[in-house]
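Structure first, then comments.
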Amino acid sequence: MKPDVIVIGTGPGGIASATTLAQAGVNVRIVDEQPYAGGQVYRASEKIAASRTSLREWLGSDYAQGLDLIQAARREGNIDWCFDTSVWDISCREDGIQLGLLKDEKASTIDAPHVVLATGAMERPTPFSGWTLPGVMSIGAAQTLFKDAGLIPDDDVVLAGSGPLLYLFANQLLNAGTRPGLIVDTAPKWVSARHLLQLASAARHNLPALYKGLAWRQRINRAGIPHVYGVCELHACGAGRVESVKYRNGGRIQEVPASLLLVHDGVIPNTHLSVAANCHHIWQARQRYWQPQLDVHGQTSQPGLWAVGDGAGILGAEAATLKGRILARHLAAKLGLISPNESQKTSQNDQRMLAKLIPLRRFLDQQFPPAAAFREPGNDTVVCRCEAVKAQEIRQIAKLGCVGPNQARSFTRAGMGPCMGRQCGNNVSQLLADELGKSVQEVGYYSTRPPIKPVTLGQLASLAD
Ligand SMILES: Cc1cc2nc3c(=O)[nH]c(=O)nc-3n(C[C@H](O)[C@H](O)[C@H](O)COP(=O)(O)OP(=O)(O)OC[C@H]3O[C@@H](n4cnc5c(N)ncnc54)[C@H](O)[C@@H]3O)c2cc1C
């Protein structure tokens, strides 16, 4: 059956949108490149529920909530689930939106009058010296291996960076019986006096969430894991692979042996499809990321193309669920399946809950800003790891008159590798902006052309079938 709405992403934002749309009588197709529903946060929930009970316990009670969300969606008969399917192209036309899909080595196209982008977040790429050495990974990647395959690092792992995921992952490792060797935290230990107002405002409605974060830190402390705060410089050192980690805090450089360094510096919206669809984007200066510009209902600057969840701006899983429901009711009203009045009335409670979450996010954004240790990479640090382009090369071409990331791509090949600029895009824009004395909004971002995910010529040729 031809779908009325295609939802891309089976995380909380996508699942909540699809369920609410289906309940209103909309035919929904939900697409995800992963083999299971759940997105980043509830990754592989159904598989884990069916098999590894201990893994589910190690991942904690928040993770367990995902299963209820997915099971509610599974009960709706008018949701067509397409797993292992990546969206590699998007084009907005007058008669609707066309997507290029890839499944089982075969490319195909599909169109619908409305598409909801619920593509979530990705970890902020962290260029620092030695980050491309084998043995250096992101915490998100390690957590994915943990959730997907039950893989757990050895006891001496060093965790570095900042943000709630750092503390959550350390706790998940403790649950699984692994004790990280060291935590190198780029955030300060205490909330600074100038953020106390934000903390008070967040605490008004979010005490349990704040206690949870505090409890994670206390457990790390009780487990006797060395935890260094306020780190302002990080290096992964070694010949051929990481052998030690060097960091600076309080004016002193320390070096510790390490065979695995896991790094995390917060998350940023995954905007590759909204960029490819030529939607307007705005630069969020505090957290240093691009987000699609949306109207109050979540529609992008392209008619019929909507965005929800962390892909539309980082707010977390609970907000993604609430926003997914609110957007879906508005869309169902637009399709004539419920009245605008009903849509507004039934969304009031979700709107209220959403409003309570905003101060918590503001506080987290203040407390865990992108770390200075990664923001200004040294000249010798590789920025584009696919094409091995160093920060110095980007700074040099800016001095020669390069005006923006697209020219930088032609001059240096940064952004031309297999990740298509997903890893280096923001850093190249930031480096150019700093060097040119402009804002990142002025400098802009790579323009993106299909395919936004790697597709072979053979797979493309299958379009003719
Ligand atoms: C690595 C990582 C780990 C995280 N771990 C946690 C955690 O443990 N706890 C927590 O509370 N929060 C965690 N977060 C934050 C959390 O992911 C978000 O707050 C929440 O998942 C947002 O939900 P969402 O629906 O917007 O997107 P997501 O849950 O991220 O779901 C997006 C989905 O879109 C799919 N997708 C994206 N692009 C395409 C495409 N082109 N084609 C097909 N499918 C596509 C992805 O495969 C994914 O399943 C993590 C974030 C990251 C990046």
Query - Cα→Cβ-extended label distance, 7 Å offset, between A239 and Q254, nm - result: 2.7 nm
Query raised in the report: Around T346, what is the net charge, scoring Lys/Arg as +1 and Asp/Glu as -1 over all other residues with Cβ under 13 Å from its Cβ?
Result: +2
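Looking at the chain, send over the antiparallel percent of its DSSP beta bridges, to the nearest 5.
55 percent
Trypsin sites (Lys or Arg not before Pro) within segment 207-311: which are DSSP loop residues with at most 16 other Cβ atoms inside 10 Å?
Values: sites: K212, R217, R219, R222, R241, K246, R248, R252, R286, R288; in loops: R241, R286, R288.
Those that pass, being in a loop and sparsely packed, are R241, R286.
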Report summary line: Debye calc, one equal point scatterer per Cα of segment 136-265, no solvent, log10 I(q)/I(0) at q = 0.15, 0.21 1/Å comes to -0.74, -1.28
Query - Cα principal axis extents for segment 1-149, largest first, Å - result: 48, 36, 25
Report task. May I ask for log10 I(q)/I(0) of the chain at q = 0.09, 0.13 Å⁻¹, from a Debye sum over the Cα atoms as equal point scatterers with solvent left out? Result -> -0.61, -1.33
Query raised in the report: Of all DSSP beta bridges located in segment 136-265, what percent are antiparallel, nearest 5?
Result: 45 percent
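At most 13 other Cβ atoms within 10 Å and a DSSP loop assignment: could you name the chymotrypsin sites (Phe, Trp or Tyr not before Pro) in segment 180-216 that fit?
Taking segment 180-216 and a limit of 13 other Cβ atoms within 10 Å, the loop chymotrypsin sites (Phe, Trp or Tyr not before Pro) found are W190.
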Query raised in the report: Excluding same-chain residues fewer than 8 positions from K106, which lysines have a Cα within less than 27 Å of its Cα?
Result: K2, K47, K453
Report summary line: Site Q218, offset 7 angstrom along Cα→Cβ, radius 14 Å on amide nitrogen, limited to segment 186-212, gives 208-212
Requested in this report: Please give the net charge around A64, taking every other residue with its beta carbon less than 9 angstrom from that of A64, where Lys and Arg add +1 and Asp and Glu add -1.
Outcome: -2
Query raised in the report: What is the set of long-range amide H partners of A176 at a cut-off below 5 Å, with H atoms built 1.01 Å from backbone N?
Result: none
**Report entry** the chain: calculated mean residue ellipticity at 222 nm from DSSP helix runs of at least 4, using -39500 (n - 2.57)
**Finding:** -12000 deg cm²/dmol
Report summary line: The rounded separation in angstrom of the Cα centers of segment 244-294 and segment 139-174 is 17 Å
**Report entry** Nearby lysines by direct alpha-carbon distance to K212 (threshold 18 angstrom, same-chain neighbours under 8 apart not counted)
**Finding:** K189, K356
**Report entry** W81-A149 pseudo-label distance in nm [points 7 Å out on the Cα-to-Cβ vector]
**Finding:** 2.3 nm
Query raised in the report: Considering the alpha-carbon set of segment 287-356 alone, what are its Rg and its Dmax in angstrom?
Result: 12.3, 39
Query raised in the report: What does the charge count near S17 come to, summing +1 for each Lys or Arg and -1 for each Asp or Glu among other residues with Cβ under 11 Å from its Cβ?
Result: +3
Report summary line: Long-range amide H partners of S162, meaning residues 5 or more apart or on another chain whose placed amide H is closer than 5 Å, are T186, H264, D265, G266
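Restricting attention to segment 67-138, which chymotrypsin sites (Phe, Trp or Tyr not before Pro) occupy a DSSP loop and are surrounded by at most 16 other Cβ atoms within 10 Å? Before the final figure, lay out the partial values.
Details: sites: W81, F83, W88, F128, W131; in loops: F83, F128, W131.
In loop regions of segment 67-138 (DSSP not H, G, I, E or B), the sparsely surrounded chymotrypsin sites (Phe, Trp or Tyr not before Pro) are F83.
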Report summary line: Amide H contacts under 5 Å for I90, restricted to residues at least 5 apart in sequence or on another chain and with H modeled in the peptide plane, are G100
Query raised in the report: What is the distance in Å between the Cα centres of segment 390-428 and segment 1-50?
Result: 35 Å
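Read the figures in this text as sums done on the coordinates, not as results from a lab. Note that this is a predicted model, so its numbers are computed, not measured. Here Cβ is always computed from backbone atoms with ideal geometry, including for glycine, and neighbour counts include all displayed protein chains.
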